[in-house]
Amino acid sequence: MKISFMMAAAAGLVSSGAFAQEIAPTAVSFNEGAIEHSLSGVPGDPVNGRIIVGDKRQGNCVACHEVTDLVDIPFHGEIGPMLDGAGDRWSEAELRGIVANAKIMFEDSMMPSFYKTEGFIRPGNAYTGEAADDTFGPILSAQQIEDVVAYLSTLTE
Amino acid sequence: MRYFTGAVLAALLSTTLASAEPAEDTLVLNEETQMVTRTAAPAHISHAVDEIMSGWLFRGIETRAMQMDDFDNPGMIFVEQAQDMWDTVEGSEGKSCASCHESMDSMAGVKATYPKWNEAAGEMRTLQMQMNDCRSNRMGAEAWKYDKGPAINMEAALASVSRGMPVNVAIDGPAQSTWELGKELYYTRTGQLELSCANCHEENYGNMIRADHLSQGQINGFPVYRLKNTKLNGSHSRFKGCIRDTRAQTYSPGSAEFVALELYVASRGNGLSVEGPSIRN
């Protein structure tokens, strides 16, 4: 009990530390679909980004995209383009913009906006089918976006 | 290491195989009834799709085979239960469905036209709403819960006697405003993922979304027996599941929204054969 309390307190400290430089989903500024500055103020971790891209409970990007580097994960979708070479095609700022809100780069894109909290029709509480409550936040956190962007940047040909 | 590569290759292969086009296959029921599983799209959606296709074409070969013969179709067990129900007297009036409608076969063709406008009541009715109207107002029996046991079983029984007949729901006249609402719901991008029915079932049928082979989301095969939950599932429950998967607040089975969506989605399948109860994974 005591331990978990202390861990929670420590986690709180860490996240509020990061919060100092974090850009809130509602305060992001796009420049032709790209986001120049890191959303978390902390460099992204490509190793964690790789996990997020493949994990059903996190980015689940492979639901729609095939990625050769993630061949250890079964079942890649074919809704969006293959992500091999994305690091050559796009700058870091562009990748950040695409992952945060692809609809600015690609009008009406089917790709979900991973760092957005407003403007939804009937937003739900994750996959429960219930209405969103006050725990509602972006699908990925600022740091998770940075991690994904760092990983995408490694996808060069 | 060798083994590992093999496993990876197998995973890749199965993805590639599963992502093939809808099956080139024909559905003949019980070796006698030829089903229409693909045909020209009805005029009202011909701007978006040329051809409409039954969900049957998007399932694997074993699943397709199970639906070809009633002895292999687990959904038919529930149809038999509904047949017993049909003959069971219930409620204050001492009547069964058979008291007024005689044999189940008298219902041949009915399923193909629902949801349908009821002039006397001035409302759009799904088959389940109509059954409940008979139960509450003519039998003095309790209404069945939407998409649940007896209701979905009876819907499947009524579908089974219409199999092979073309879906033919009316969308004009008094049905039009409901149909328009259904259409609006179909194209609305809901939830945190901002996805509409059309994103998946109109723009991407034939494509894989993770492990799922996307069909056109037709409901000519409903109710469907799912191998996943080993029971019959109604179209409203399927709509609910799909909307939930967009990280949205869903509507409830039987709600006005889902009645409208059922009419609209059914109309996109006008011309396909009624197939229920069909088999899905």
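The values are calculated or read from the model by the stated rules, or taken from the named source; none is laboratory data. Just so we're clear, the structure is a prediction, and the values are computed from it rather than from any experiment. A quick note on method: Cβ atoms are made from the backbone with ideal geometry, for glycine too, and the neighbour counts reach across all protein chains shown. For the accessible areas, the whole protein counts, side chains as well, though only heavy atoms, and no ligand, DNA or RNA atoms are used. Shrake-Rupley method; radii C 1.70, N 1.55, O 1.52, S 1.80 Å.
Does B:L27 qualify as being out of contact with any strand residue (DSSP E or B) (no Cβ under 7 Å at 6 or more places or on another chain), at pLDDT 95 or above and either under 23 Å from A:I79 (Cβ atoms) or open to solvent by less than 60 Å² (accessible area, probe 1.4 Å) (or both)? In short, yes. Residues of the stretch B:230-246 that are without any contact (Cβ under 8 Å) to a residue 60 or more places away in the chain and either farther than 26 Å from B:L193 by Cα or within 14 Å of chain A (Cβ to nearest Cβ) (or both): B:R238, B:F239, B:K240, B:G241, B:C242, B:I243, B:R244, B:D245, B:T246.
Quick one: is B:G60 open to solvent by 30 Å² or more (accessible area, probe 1.4 Å), of a type in the set (G, A, S) and under 17 Å from B:D133 (Cβ atoms)? Give the derivation first.
Working: open to solvent by 30 Å² or more (accessible area, probe 1.4 Å): yes; of a type in the set (G, A, S): yes; under 17 Å from B:D133 (Cβ atoms): no.
Against the criterion (open to solvent by 30 Å² or more (accessible area, probe 1.4 Å), of a type in the set (G, A, S) and under 17 Å from B:D133 (Cβ atoms)), B:G60 does not qualify.
Based on this model, can you work out whether B:G221 counts as in a loop (DSSP other than H, G, I, E, B) and open to solvent by less than 20 Å² (accessible area, probe 1.4 Å)? Yes: the conditions hold for B:G221. Taking the stretch B:148-212 as the region of interest, the helices (runs of 4 or more DSSP H) fully inside it that hold 1 or more residues being more than 14 Å from chain A (Cβ to nearest Cβ) and open to solvent by less than 10 Å² (accessible area, probe 1.4 Å) are B:149-160, B:176-187. For the stretch B:240-272, filtering for residues that are in contact with a Ser or Thr (Cβ under 6 Å, 6 or more places away or on another chain), open to solvent by 10 Å² or more (accessible area, probe 1.4 Å) and more than 19 Å from B:V110 (Cα to Cα) leaves 5.
Could we say that B:T37 is of a type in the set (V, I, T) and at pLDDT below 95 here? Answer is no for this residue. Only one entry in B:V265, B:V259 is in a helix (DSSP H, G or I), more than 25 Å from B:R59 (Cβ to Cβ) and more than 13 Å from chain A (Cβ to nearest Cβ), namely B:V259.
Going by the conditions given, is B:S215 under 29 Å from B:I77 (Cβ atoms), part of a loop (DSSP other than H, G, I, E, B) and at the interface with another protein chain (Cβ under 10 Å from one of its Cβ atoms)?
Values: under 29 Å from B:I77 (Cβ atoms): yes; part of a loop (DSSP other than H, G, I, E, B): yes; at the interface with another protein chain (Cβ under 10 Å from one of its Cβ atoms): no.
No: the conditions fail for B:S215.
Taking each residue of the stretch A:19-40 that is within 14 Å of A:E92 (Cα to Cα) and looking for partners that are surrounded by fewer than 17 Cβ atoms within 10 Å (Cβ to Cβ) and of a type in the set (F, W, Y) with beta-carbon atoms closer than 8 Å, six or more apart or interchain, yields A:G33/A:F106. Contact map, the stretch B:51-77: first residue part of a helix (DSSP H, G or I), second residue open to solvent by less than 40 Å² (accessible area, probe 1.4 Å) and of a type in the set (V, I, T), Cβ cut-off under 7 Å, separation 6 or more or different chains; pairs are B:W56/B:T37; B:L57/B:T37; B:T63/B:I279; B:M66/B:I279; B:G75/B:I279.
Considering each residue of the stretch B:195-206 in turn, at least one proves to be more than 17 Å from the chain's Cα centre (by Cα) and within 29 Å of B:E123 (Cα to Cα). Counting only helices (runs of 4 or more DSSP H) that sit completely within the stretch A:44-157, those holding 2 or more residues that are within 14 Å of chain B (Cβ to nearest Cβ) correspond to A:46-54, A:92-105.
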